[in-house]
Amino acid sequence: MTLPLYEDFNYTLSRESLETRGEFQEAGDGTISVGWEILVPPPGPDGVPYQLIFVGPTAEHRGCAMRLCLVDARGAPAPDHAEVILETYYRTGSERTVMFQGRYGDFAGIEDQRAPDAALAVQKRAESGEDYVIRFGVSVPEGSTLPDPEADGSYFELECVKLWWNETA
């Protein structure tokens, strides 16, 4: 029996979310990485900060759902062997947490990622606060066909808990 996905999320990050800064592309160590960069929103007008929580697996559920589809400029899917990483870190690069690491084929192998409990889940809990960056990307060897996060067929969805902290003394 497979555990269900975490159901008590209240927010879904996507390409269209206000928090999504845009796409990134980086080369190094014989690979090229592409994907999306997301920023935790700054504090509201009242100065109260936000926090995004990605719930990881527990004995009751597999964690928050993640959905990913990446195609190249012609619409061909990313290669199954491409490495997928979802991570969060403070803007300086410190306090890095890898929430998911796997192969693109794990996503592509799910016929309908939006079917109940069909999506992959976050592998490790993470809390991202003010000045945190979240990156969802794919790495392929240099010379491979490059996935295009801006292509019409490319998308991502990350279910999470979005909190607006209001602490009083």
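The values are calculated or read from the model by the stated rules, or taken from the named source; none is laboratory data. Keep in mind the model is a prediction, meaning the values are calculated, not measured. Neighbour counts run over all protein chains shown; Cβ positions are idealised from the backbone, glycine included.
Key figures for this structure:
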| quantity | calculated |
| --- | --- |
| Where a residue in the range 134-152 is closer than 22 Å to residue 100 by Cβ and its partner, wherever it lies, is among the aromatic types (Phe, Trp, Tyr) and surrounded by fewer than 17 Cβ atoms within 10 Å (Cβ to Cβ), with Cβ under 6 Å and at least six apart | none |
| Conditions (1) within 24 Å of residue 19 (Cβ to Cβ); (2) surrounded by 15 or more Cβ atoms within 10 Å (Cβ to Cβ); (3) of a type outside the set (Asp, Glu); number of the one not met by residue 94 | (2) |
| Odd one out for residue 49 among (1) in contact (Cβ under 8 Å) with a residue 40 or more places away in the chain; (2) touching a Phe, Trp or Tyr at 6+ places or on another chain (Cβ under 7 Å); (3) closer than 28 Å to residue 71 by Cβ | (3) |
| Per-region count, the range 128-145, residues surrounded by fewer than 16 Cβ atoms within 10 Å (Cβ to Cβ) and of a type outside the set (S, T, N, Q) | 5 |
| Matching residues, the range 40-52, being buried (at least 18 other Cβ atoms within 10 Å of the Cβ) and touching a Ser or Thr at 6+ places or on another chain (Cβ under 8 Å) | 40, 52 |
| Exclusive hit being more than 17 Å from the chain's Cα centre (by Cα) and not in a loop (DSSP other than H, G, I, E, B), set 146, 158, 163 | 163 |
| All positions within the range 24-70 that are within 20 Å of residue 148 (Cα to Cα) and aliphatic (A, V, I, L, M) | 27, 32, 34, 38, 66, 68, 70 |
| Criterion violated by residue 33 - all others in (1) assigned to a loop (DSSP other than H, G, I, E, B); (2) within 18 Å of the chain's Cα centre (by Cα); (3) at pLDDT 95 or above satisfied | (1) |
| Pair list, Cβ under 8 Å, 6 or more apart: the range 92-114 residue closer than 18 Å to residue 34 by Cα, other residue of a type in the set (S, T, N, Q) and at pLDDT below 95 | none |
